[in-house]
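K.L.:
A single structure is presented below for examination.
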Amino acid sequence: MLTHLQRPQVQECLDRGLPYWFFRYREDQQLPDGGVKTTRKRHILAPSQGRYALSRRQAETARDRFLAGLQAPPVALTASTASASSNVAPVTELSFGQLAAVWRRDFVEGQGGGRALVAASTRAKYIRHLQNHVLPRWRDTLVHEFRAKSVLDWLQEEGQSWYMMADLRNLMSGIFTKAQEWELLPDSFANPMHRVRLPRKWEVRQKRILSPEQTMRVLARLRDPVLLISQTCLETGARISEVTGLRIEHVDLQLGCVRIEQRHWRGDIDEPKTARSRRTLALGTLRERYRRWIGGLAERGAEGWVFPQQQDGTRPMWDSGVRKALKLAAAAEECDFAGLGLHTLRRANITWRQEVGGSSIEASQIAGHANSKMTGEYTVVQLQRQDDLTRRLQEKLAHAARRRVKGKP
């Protein structure tokens, strides 16, 4: 708890992977003997570079909000002290902003065994939604004042897509759920987000992939390592974060495969997205490409990166440069569209794998999806494929008609 006003300077960390804003502050803790212990703590705010970066002014605003939340928290509003139902603060006294502050500190930015509880990409999204959308509207709302209709009206006004509406609702629901797990709210409390029913799902952008001919024209404009990375996403179905996270030890040239054991997102190395994402993918004809590429690397030890940065070979490439090169190549071939990226190549892999005879279960396992329903979301039934299937059906009916005519007396 803060017992004195502070306004520490926001600083930028540039030597620990992805650059980020942080500040140091003093926190007072009440001791059992009545004394006070002051400790100096370090709080990370948000990325300072990259897609989800905050400006210095935005970081300073986030600092002020964080410190304001620590000025006078309820006695029972800490997960570490909430150990019995008698310590649960009355629901009427809690604001959503207080619950959100604990959720962010102890879960989003928390660690267990020295490891982050939430992946860096997910953490950045949570913080962005919390600061830019959720807290400006709901920070001072008391927990017992939430009503499903008010939340739904806000979501439909605030959300720029159905997926954003779902993200905001799920984030808020997660805060209430964690508050109950940590006994900040009683078990009898009904999560108000469970009553918020979103409208029928819609797509802002049509799910599209390039045709095989367009894809080959685009790839012909690329050069290694961008070309090899793009081909790996297209031909194996790997995520871009999984490809840039490959180390030499993950590539088995004898068996012709790569083992997906980690992923890389803007300097942060983490476990694969889900348990099923940890898998082995066959390289096929890409094996010899990988053999030549790895043979030309300066660092070929087991811990070396398959796709290192040109300026610093000790760090893996970021996906941003690959995405930009792919977009420029597609634009040059006049087949670019909104949403085209490396994920489009992965979507194409899932679609074409089934077109050449693979089952949906095989496509799901190779893609590393949590379930086959997600594979269905990725699959695009293209017009040419529909036409092929329609003609096969028509030929079957025509053949039956001919047999019927021949069978007449």
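The values are calculated or read from the model by the stated rules, or taken from the named source; none is laboratory data. Everything numeric in this text was worked out from a predicted model, so none of it was measured. No Cβ is skipped: glycine too gets one built from the backbone with ideal geometry, and neighbour counts run over all protein chains shown. Quick note on the areas: whole protein, heavy atoms, side chains included, nothing else; ligands and nucleic acids left out. Shrake-Rupley method; radii C 1.70, N 1.55, O 1.52, S 1.80 Å.
K.L.:
Only one of S211, S188 is more than 20 Å from the chain's Cα centre (by Cα) and at pLDDT 90 or above. Can you tell me which?
P.N.:
S211
K.L.:
Moving to a separate point now. When G112 is evaluated against the numbered criteria (1) without any contact (Cβ under 8 Å) to a residue 40 or more places away in the chain; (2) closer than 30 Å to P19 by Cα; (3) open to solvent by less than 30 Å² (accessible area, probe 1.4 Å); (4) not hydroxyl-bearing (S, T, Y), which criterion, by number, is the only one it fails?
P.N.:
Here G112 meets the rest and fails (3).
K.L.:
Within the bounds of segment 133-155, is there any residue that is under 30 Å from E242 (Cβ atoms), part of a loop (DSSP other than H, G, I, E, B), modelled with pLDDT under 95 and of a type outside the set (G, A, S)?
P.N.:
For segment 133-155, residues under 30 Å from E242 (Cβ atoms), part of a loop (DSSP other than H, G, I, E, B), modelled with pLDDT under 95 and of a type outside the set (G, A, S): absent.
K.L.:
Assess whether A119 counts as being on the phi < 0 side of the Ramachandran plot and within 20 Å of the chain's Cα centre (by Cα).
P.N.:
It is true that A119 is on the phi < 0 side of the Ramachandran plot and within 20 Å of the chain's Cα centre (by Cα).
K.L.:
Of all residues being open to solvent by less than 50 Å² (accessible area, probe 1.4 Å) and under 24 Å from the mean Cα position of the chain (by Cα) in segment 311-320, which is farthest from P212 (Cα to Cα)? Just the residue, please.
P.N.:
So the residue we want is P316.
K.L.:
May I ask you to list pairs of residues, at least six apart or on different chains, whose Cβ atoms are under 7 Å apart, with the first in segment 288-299 being without any contact (Cβ under 8 Å) to a residue 60 or more places away in the chain and more than 17 Å from V243 (Cα to Cα) and the second being open to solvent by less than 70 Å² (accessible area, probe 1.4 Å) and part of a helix (DSSP H, G or I)?
P.N.:
Filtered contacts from segment 288-299: no entries.
K.L.:
Okay, moving on. Looking only at helices (runs of 4 or more DSSP H) that lie completely in segment 179-258, which have at least 1 residues being open to solvent by 40 Å² or more (accessible area, probe 1.4 Å)?
P.N.:
So the answer is 212-219, 226-236.
To keep it simple, each residue is scored yes or no on (1) within 17 Å of W265 (Cα to Cα); (2) open to solvent by less than 70 Å² (accessible area, probe 1.4 Å).
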residue: E299; (1), (2): no, no
residue: V306; (1), (2): yes, yes
residue: Q309; (1), (2): yes, yes
residue: V322; (1), (2): yes, yes
residue: A367; (1), (2): no, yes
